[in-house]
Amino acid sequence: MRKKNLKYVGVILIAAIAFAGFKYYEGNQKRESVINSIVYDALVNAHFQPKEVDDKLSVDVFESYIESLDYGKRYLTKSDLKLFEGYKKQLDDQFKANQLEFFDQSYQVIQSRIKESKPYFEEWLGKPFNYDQDEFWQANAEKLEYAKTSKELKDYWRKHLKYRVISRVHDKM
């Protein structure tokens, strides 16, 4: 039993050393490539339940990744998801080929959307909210849908910020 545990500890240790070893290396592509190789090897060979790297795993990883990328559905739009949809069953192939195209692209899109959302804070918090207006805001991210347009996303941010202000006032009372 101890030898089996050492095998897993060894894989984790190798991954940690590789990650730390490339920390100061300027070529992120090389570092990410090595990490990808280590994770792939661990998943296929050293995992306590080795996984088949196929389209099913690809779809599962895709859905989990998108959910964690924008859990509150405050940044991505449906058009962003359509852009990513083509990768849904290709992640396993990219993983095997040590390609990170999808993750690079998704990172660029989310960073861009975060930058786009920053002015919303200034705009909406710079003036009083209309509390007489009867509105509905869905707080449960699992029940939310992604915005169809940037205008819809901006309105979601307005409602979200309004909710946060109301929550803070309520908490202080």
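The values are calculated or read from the model by the stated rules, or taken from the named source; none is laboratory data. Not measured: the values here are computed from a predicted model. No Cβ is skipped: glycine too gets one built from the backbone with ideal geometry, and neighbour counts run over all protein chains shown. Ligands, DNA and RNA are stripped out before the accessible areas are found, and what is left, the full protein with its side chains, is counted by its heavy atoms. Shrake-Rupley method; radii C 1.70, N 1.55, O 1.52, S 1.80 Å.
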(message) For the condition touching a Lys or Arg at 6+ places or on another chain (Cβ under 8 Å) and among the aromatic types (Phe, Trp, Tyr), what is the one hit in Tyr71, Tyr107, Tyr146, Tyr87?
(response) Tyr146
(request) Within segment 80-94, track down each residue that is modelled with pLDDT of 90 or more and open to solvent by less than 70 Å² (accessible area, probe 1.4 Å). (result) Asp80, Leu81, Phe84, Gly86, Tyr87, Lys88
(message) Condition first: within 17 Å of Tyr163 (Cα to Cα) and either charged (D, E, K, R) or open to solvent by 80 Å² or more (accessible area, probe 1.4 Å) (or both). Now tell me which residues in segment 131-142 satisfy that.
(response) Tyr131, Asp132, Gln133, Asp134, Glu135, Phe136
(message) Whether any residue in segment 143-158 is of a type in the set (A, V, I, L, M), open to solvent by 80 Å² or more (accessible area, probe 1.4 Å) and assigned to a helix (DSSP H, G or I) is what I want to check.
(response) no
(request) Would you check which residues across segment 159-173 are open to solvent by 30 Å² or more (accessible area, probe 1.4 Å) and part of a helix (DSSP H, G or I) and list them? (result) Lys159, Tyr163, Arg164, Val165, Ile166, Ser167, Arg168, Val169, His170, Asp171, Lys172
(message) Just checking, does segment 97-118 include any residue being over 15 Å from the mean Cα position of the chain (by Cα), surrounded by 14 or more Cβ atoms within 10 Å (Cβ to Cβ) and at pLDDT below 90?
(response) yes
